[in-house]
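Working notes, beginning with the structure itself.
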Amino acid sequence: MPVDPHARHERQTRREAALGRVALLIARGAAPQVSIRGAAEEIADLLGGEHVSIYQDAPGGWLTLATSGAASPRDPPSIVASITSGAARWGEIHAGSTDDPELHGEHTRLVEEFANLLATTISLADARRDLLDSRARILAASDADRRRVERQLHDGAQQQIVTLALHVKELRASYPTESGLQDRLDQISSEIQSMLEELRILARDLHPALLTSDGLDASLRALARRSPIPVTLTIATDRRAPGPVELAIYYTVAEALKIAVQSGANQLSVTVEADESFFRATIVDAGISRAASGRGRGLVGAADRVETVGGTLAMAILPGEGARIVAEVPFGATIGRENSSRFEPREALDH
Amino acid sequence: MGTDRTRIALADDDLLFRVGLANLLERSGFEVVGHAGDGAELLAIVREHSPDLAVIDIRMPPTHSRDGLEVARQIREESPRTAILLLSAHIEVEHAMDLLASGERSGYLLKSRVTDVDEFIETIARIADGGSVVDPALVQELVSARRTNDPLDALTPREREVLALMAEGRSNAGIAQQLWVTEGTVEKHVHHILGNLRIQQTDLDHRRVLAVLTFLESR
């Protein structure tokens, strides 16, 4: 059969352009199903409208992820290409083709090229999910640690120091006034007092215990009361969200408050609301608007937390006013597995 | 009656602490009828002795959260004449409101206050006498919280002082003593404060504390 070099070159150009478009989808971070659908359409188009199906080898059996081209597949399919993830088969592309041996070889190679491209998007998605999971685990572990330390400070160290202070008082009472020891013991008592005060603040800043016991409303109100600038708080929901979601909202408000104070805002308004699908906190600082550029940096911690529970954090600078920060977290967010229990075992505290 | 000592029951999951506190109270002329490591034990002691006062740590087994408040509520139901003093490592207005709403003769203090023995004993006596007391640190936090269009701006510094002492549960006589003025002067201040802030005028010390706290929290 005569080979038409011009036609072959044209087919190659089309193939490269099609591969390029799917690669771009993947590079832009499109969801795997979008890239897979795009690939099916491009293949069908390159094969002159032949049927194309892309399947996933799922634990419960084969799943059809996308079909394109002619309605009915050839049986058996002319071309089968494996999509692999790591060493394992993840799925397959099935496509029809012509009986022309040269064209058939060309088609097989192009379907294989798409299969390799899809393998990339799948391993990228897997890696991203692993990363998010591990971030959620690390955050959950760090929160659990902070909560544990806060408890140990309150129920352990602080308690022991109060008991110690009682012993000092007891000692003081058992010595006669003229022994001269009393002033010394009073001095010790007042030093213990200031130690307790420092410990109390340290524990409080470590973990908002009130959030766990009484919920967002109470803990945000306590935060607002301690604020050096007035905070107008509107809590339009009494729904309890999972612990990590509430913590994310709490820390977002706490960080926004800190930044507002640092950037010279003279008041802050905070609104927390919920509908069937979202928990939303909107924070607006009204006042002197400083250089906007540096403002977002302080929110990195809050953004990490919000994203870890599947939400988004957005900030907008309002010209001449201040900044608006919106944190939105879906209720159905997938959250690190360790977070489900509200009360952890206390074996570390019981001696 | 006059010779009877005030009878007290204690609950705290730390044995050393509650023994220390029991010693202190005994030394100061109170009778400790029993001490418990958790709410259930305390309830048993209260049922048997019906003490004048129960001193309760807010964080106890099983949840180590706000268990003390639940026990306090139960004691209110079963033994209304028992006054309640709740101790906590950190002080929260929500908990104060919950406690005060549960009935009169209530106190809510930072745990570390027990080491200022004279003041602590005086506070216990005030609660046992029918007064209600919230920790000065909480009152301070509420009074100094910054608000826009704050109604407290209408008060003189002296009136703010009086308001804070009211919130701590002091009677007019107690406030007069504290500020070295006559009771009549305090009455005038209180009248002006309550009118200015639209807090309902009431004779009951307990209601007065609750009203002031509610106002401070909501302003």
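The values are calculated or read from the model by the stated rules, or taken from the named source; none is laboratory data. Nothing here was measured: the structure is a model prediction, and the numbers come from that model. So basically every Cβ, Gly included, is an ideal-geometry build from the backbone, and we count neighbours across all protein chains shown. For accessibility, only protein heavy atoms count, side chains too; no ligands or nucleic acids. Shrake-Rupley method; radii C 1.70, N 1.55, O 1.52, S 1.80 Å.
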| task | Quick one: in the range A:163-185, of everything that is away from chain B (no Cβ under 11 Å) and charged (D, E, K, R), which residue is surrounded by the most Cβ atoms within 10 Å (Cβ to Cβ)? | result | A:ARG184
| message | Looking for something touching a residue at least 40 places away in the same chain (Cβ under 8 Å) and open to solvent by less than 50 Å² (accessible area, probe 1.4 Å) - is there at least one such residue anywhere in the range A:80-87? | response | yes
| task | Taking only the range A:223-264 into account, find how many residues are more than 14 Å from chain B (Cβ to nearest Cβ), hydrophobic (A, V, I, L, M, F, W, C) and in a helix (DSSP H, G or I). | result | 8
| query | Could you list, in sequence order, the residues of the range A:212-222 that are open to solvent by 10 Å² or more (accessible area, probe 1.4 Å) and either of a type in the set (A, V, I, L, M, F, W, C) or at the interface with chain B (Cβ under 7 Å from one of its Cβ atoms) (or both)? | reply | A:THR212, A:SER213, A:ASP214, A:LEU216
| task | Please specify each residue of the range B:92-127 satisfying the condition of being of a type in the set (Val, Ile, Thr) and more than 9 Å from every other protein chain (Cβ to nearest Cβ). | result | B:ILE121, B:THR123, B:ILE124, B:ILE127
| task | Restrict the check to the range B:170-177 and report whether at least one residue is modelled with pLDDT under 90, closer than 24 Å to B:GLU94 by Cβ and within 22 Å of the chain's Cα centre (by Cα). | result | yes
| query | Residues B:ALA72, B:ALA89, B:ALA54, B:ALA44: which one is without any contact (Cβ under 8 Å) to a residue 12 or more places away in the chain, among the aliphatic types (A, V, I, L, M) and under 22 Å from B:ASP14 (Cα atoms)? | reply | B:ALA44
| request: Quick one: in the range B:171-211, of everything that is surrounded by fewer than 17 Cβ atoms within 10 Å (Cβ to Cβ) and touching a Leu at 6+ places or on another chain (Cβ under 7 Å), which residue is nearest to B:GLU119 (Cα to Cα)? | output: B:GLN178
| With respect to B:GLU41, is the statement that it is within 14 Å of chain A (Cβ to nearest Cβ), open to solvent by 50 Å² or more (accessible area, probe 1.4 Å) and either in a helix (DSSP H, G or I) or modelled with pLDDT of 85 or more (or both) true? | no
| Does the range A:51-63 include one or more residues that are over 22 Å from A:VAL34 (Cβ atoms) and surrounded by 20 or more Cβ atoms within 10 Å (Cβ to Cβ)? | no
| query | Do we have any residue at all in the range A:143-152 that's touching a helix residue (DSSP H, G or I) at 6+ places or on another chain (Cβ under 7 Å) and within 14 Å of chain B (Cβ to nearest Cβ)? | reply | yes
| Taking B:ALA9 and the conditions (1) modelled with pLDDT under 95; (2) within 22 Å of the chain's Cα centre (by Cα); (3) away from every other protein chain (no Cβ under 13 Å), which numbered condition does it fall short on, given that it satisfies the others? | (1)
| Of A:GLU10, A:GLU16, A:GLU41, which residue is assigned to a helix (DSSP H, G or I), touching a Ser or Thr at 6+ places or on another chain (Cβ under 6 Å) and of a type in the set (D, E, K, R)? | A:GLU41
| List the pairs whose first member sits in the range B:129-156 and is at the interface with chain A (Cβ under 9 Å from one of its Cβ atoms) and without any contact (Cβ under 8 Å) to a residue 40 or more places away in the chain, whose second member is open to solvent by 50 Å² or more (accessible area, probe 1.4 Å) and of a type outside the set (Lys, Arg), and whose Cβ atoms are under 8 Å apart, counting only residues at least 6 apart or on separate chains? | B:ARG146/A:PRO228; B:THR148/A:THR232; B:THR148/A:GLN267
